[in-house]
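The values are calculated or read from the model by the stated rules, or taken from the named source; none is laboratory data. Remember, it's a predicted structure, so these values are computed and weren't measured experimentally. When we count neighbours, we look across all protein chains shown, and the Cβ atoms used for this are built from the backbone with ideal geometry, even at glycine. With ligands, DNA and RNA removed, areas are computed over all heavy atoms of the protein, side chains included. Shrake-Rupley method; radii C 1.70, N 1.55, O 1.52, S 1.80 Å.
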Amino acid sequence: MEKIDLLTFLEDESEQLDFDGQVEVFWDKKHKLFEIELTFYAENKSGQVIEDVAGVSSEEPIISFSDSILLYSKETPVEFEATDYLVCLPYAGKKGWTLAEGKAFFSYLQVVLDNGSSDLLDFLNDSMTDVFELTWSNVEFEKFILDAKKHTPNGQLPYPKF
């Protein structure tokens, strides 16, 4: 495998996800942060009034829902509010992530996206469901990492040097 850095890996793998929404990768070079923004779109066929977490109501025919994942360097102290993100995951500074960690991340992210898409449709079509939010389980993610380590050759996805 050709050597690639973590940013390139995140961008390339994001494009390979099976997801009808949008996945964007943002890199904050100064603070050594990667933010992966996930945006879901769904048709509000019933025209129900939907209220977001800020209390803003909408009955638009197409609704969107966004959440983000933060990747941060364990070597660079930076303040962030963990509750602002679906999950905050560390990487090993200049060493980045192992290839197995990267593969596990995208395998588990696909599960999160699939479940989220299904849950969003349930939210829009079931009047008994009054809250929609994505869920991330670090326990499940660790299982994906362990499995990926068994099937992925050793390799690093280092922090970008540019």
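Checking each residue in region 74-88 for being aliphatic (A, V, I, L, M) and either in contact (Cβ under 8 Å) with a residue 24 or more places away in the chain or buried (at least 20 other Cβ atoms within 10 Å of the Cβ) (or both) picks out 78, 86, 87. Report whether or not residue 64 is within 18 Å of residue 22 (Cβ to Cβ), open to solvent by 30 Å² or more (accessible area, probe 1.4 Å), in contact (Cβ under 8 Å) with a residue 24 or more places away in the chain and part of a strand (DSSP E or B). Spelling it out, residue 64 is indeed within 18 Å of residue 22 (Cβ to Cβ), open to solvent by 30 Å² or more (accessible area, probe 1.4 Å), in contact (Cβ under 8 Å) with a residue 24 or more places away in the chain and part of a strand (DSSP E or B). All conditions in (1) surrounded by 13 or more Cβ atoms within 10 Å (Cβ to Cβ); (2) in a loop (DSSP other than H, G, I, E, B); (3) aliphatic (A, V, I, L, M) hold for residue 71, with the sole exception of (2). If you go through region 96-133 and pick out every residue that is surrounded by fewer than 19 Cβ atoms within 10 Å (Cβ to Cβ), touching a strand residue (DSSP E or B) at 6+ places or on another chain (Cβ under 7 Å) and outside any helix (DSSP H, G or I), you end up with 1. Filtering region 20-42 to residues that are farther than 24 Å from residue 83 by Cα and either within 14 Å of the chain's Cα centre (by Cα) or surrounded by fewer than 13 Cβ atoms within 10 Å (Cβ to Cβ) (or both) leaves only 20.
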